[in-house]
Each structure stands twice: as structure tokens, then as C-alpha cells.
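Just below is one structure, and these are the notes that go with it.
Every read-out reported here was derived from the displayed coordinates using simple, explicitly stated rules and does not represent laboratory data. What you see is a predicted model; the values in this text were computed from it and never measured. Because the Cβ atoms are built from the backbone with ideal geometry, glycine has one as well, and the counts that use them run over all protein chains shown.
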Amino acid sequence: MPQSTPDFEREFERALAAYADPNDAGYPQVLAARVMAEVRMRQRKRRLWLGISAAAPLLGCMLVAAVLYFGRSEPQHREAKVVSIPAIPHAERAPEPPAYAKARPKLVRGARAPNARPRLPKLDQFPAPAPMSEQEKLLVQFVRRTPPSTQRFVVKMQEQSDEPLRIAELSIPDLDSKTQP
Amino acid sequence: MARRDEEEFTAFVQRQSRFVFRVAYAVLRNSHDADDVVQEVFLKLYRNNAWGSMRDEKAYLARIAWRAAIDHLPKQTHTEVDEIEVASIAPSPEQTALEADFQRKVHRLIDGLPEELRQPLALSTVQELTSGEIAQVLGIPEGTVRTRALRARQLLREKLAALEGQRHAAKHS
């Protein structure tokens, strides 16, 4: 320790000045390099996170769209079946529901009211006589136009065609070794 | 960050890093911790983008450096001056290098001061800081800064005189 007062004061001030200025203090360039390296690393991380945060919603939307697209295709078929079933006459059907309501078609109770269906007249004969078919009409015309002899011939021919066919017996000779080549 | 901004920021870091280091070191008394504080301070400035719009650059930097250093400070750093006194009178291999020894003693005694006296004195040893700026950093009136710094110096002188007396007594016995 310095002995004299001026020396003491000088050394004391020097020691105070050195208090916050160590010999192994970092050089500004080194400190700056460290800081800038950290800054760049954080910038890279930030960019990465920005990319992820931008891509995540996009992927989410794509996923939702895919689920909606593939999830809807099957119910659409079912819907078509359900809509084709109703037994209500076409004229009395309720008005077509809008497209957005087609997912769950509702039956309108008012359209099935019993009073809305017209009553049919009661018939004397059951089942009711059906009108003649085209073949029956042709047959009636044939009967009217052709003479009775021709009619009998046609009937006879039809009866003959209904009879079983008779085929003469076949006689197949035994195979002889001499006849073989 | 644009290239020009990056260059400006690098220049700013190079210009002020030493100052920030000294403020941090004055509080922490450890080079590695002070380095960490320097990095933390400049990263904070970069993140907040506040480095280009500082009014009083040194006062602002000193304030955030001091706060960051206080956060790094272990909870119980205050060591009793008496323990240091006992250690300082023990013979050391550097006793011949009186000046170096004297500096070490002074630094140990400063470390042993109560924080309310040590911090104004430590910041006043950073040459670039005025008592007004130290008052801003510590959030106390400028007059209080001067009073505490003077009180700390007075205490140090008393302790050093006492140490010298003990050393002489040990030599002659």
C-alpha cells in the first residue's frame, strides 16, 4: 500500500477505476460477434416458426376439405335412395325441398292426409276385366276375317305341333376290327 | 433484418458492448456473467427494435444493463467485510506487487460494502457515467447518488487504514 497520502489517493482512484474494468474483459468485436451470431440464429428460428405457422392452417384446411369431400360421397347415395321411395302420387307430393334441406328429407304430413286421395268407384266384378292385349286383338280380327275351314285347319296344325315327336329307331352296327383301318 | 440494418446494429453493438460489459461487471464482478448480460441486453434491444430510437443512449443502455445484471445477481452476494479483512492480511505470493495487492484489497472491500453503497460507487467507476445518469439507472435522486458514493469512499478509506494498521502491527510483533 502506498505510504504517502498523494500516493494513496492516486492508487485508490486507480483501484476504483479498475473495479469495473477487468483485464479479461471481452473485446467489442468478440462481444459483437457473439451477439450477432445469436441474433442470426434467432432470425432463422423465427423464420422457421413463421413457415410452420403459415403452413399449419393450410394443411388443416386441406385436411378438413378432404374429410368433407370423402365423408359426403357415401351419404349422397343413401339420400338418393330415400328420396325415390315415397309412395305418394306424384301430383300430390309436397313441393321439392331446397337443396340445403336434402340431407335429411322430411315427410310432409299434410300431403298424406286421407281426404286428399280421391275415392275410386266400387266394382261389381273382382278382379276388374282388363282391356285386351295386342295379341288378343289380332286373334279376334283373324277369327272374324278367315273362313271356318281355314280356322279348323289352323287349329289342327296347332294340335299337331303340340303332339309328341316320333322318331324311327336307329340301328347302329357293332364295330368290327376288319372295318378299322 | 435488412442488410443495412444489420450492419448498423453490428456497429452499434461494437460501439457500446464494452460500456454495457463494464456496467454489468461492476454489478456482477464476473466476466462470464457480464458477457451473458451483454448478450441479453443487445438481444433485448434487437427484439424490441429500440436500439435506433434511443434519446440518451448511454443512460438507457446503463439502465437495462444494470437491471439485467441485478437479475443475474445471486440472492446473497453480500459478504462481510470483516471476513475479507482477515483474508487480506494473510500473506500472499503477490505481496511484493504492492499495487496489484492494493487493488485487490480495494476491490474486495468494495464487494463487501452494502449494496446501497456499492452500486452507486461501482457505477461511478464506469467513467462514462455521470452522477445524473447513475441516478436514472438506480431510480434515486442525483444527490443521493453522490452522498452514497462519497459515503462508500469514506468507508473504504477507513477500512484500508485499519488494514494498514493491522499489517504494521503484525510486522512489528
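Things worth noting here:
- Simple label model, 7 Å out from Cα along Cβ direction - B:E57 to B:R157, nm: 3.7
- Per-residue mean of C-beta atoms belonging to partner chains within 10 Å, peptide B:37-47: 3
- When +1 charges are put on Lys and Arg Cβ atoms and -1 charges on Asp and Glu Cβ atoms, the dipole computed for region B:3-72 relative to its Cα centre reaches about 220 debye.
- Each of the peptides A:129-142, B:35-48, B:152-165 was scored by the mean count of other Cβ atoms within 10 Å over its residues; in descending order, highest first, they stand as B:35-48, B:152-165, A:129-142.
- Average beta-carbon neighbours from other chains, 10 Å sphere, peptide A:10-18: 6
- Sorting the segments B:56-69, B:11-24, B:127-140 by their residues' average number of neighbouring beta-carbon atoms within 10 angstrom, most packed first, yields B:11-24, B:56-69, B:127-140.
- Shielding by other protein chains, B:10-17, mean Cβ within 10 Å: 5
- Normalised by 2.2 N^0.38 Å, where N is the number of residues, the C-alpha radius of gyration of region B:3-72 stands at 1.04.
- Each residue, A:A65 and A:I52, gets one label point 7 Å from its Cα in the Cβ direction; the gap between the two is 2.4 nm.
- Ascending count of other beta-carbon atoms within 10 Å, so fewest first, for A:I167, A:I52: A:I167, A:I52
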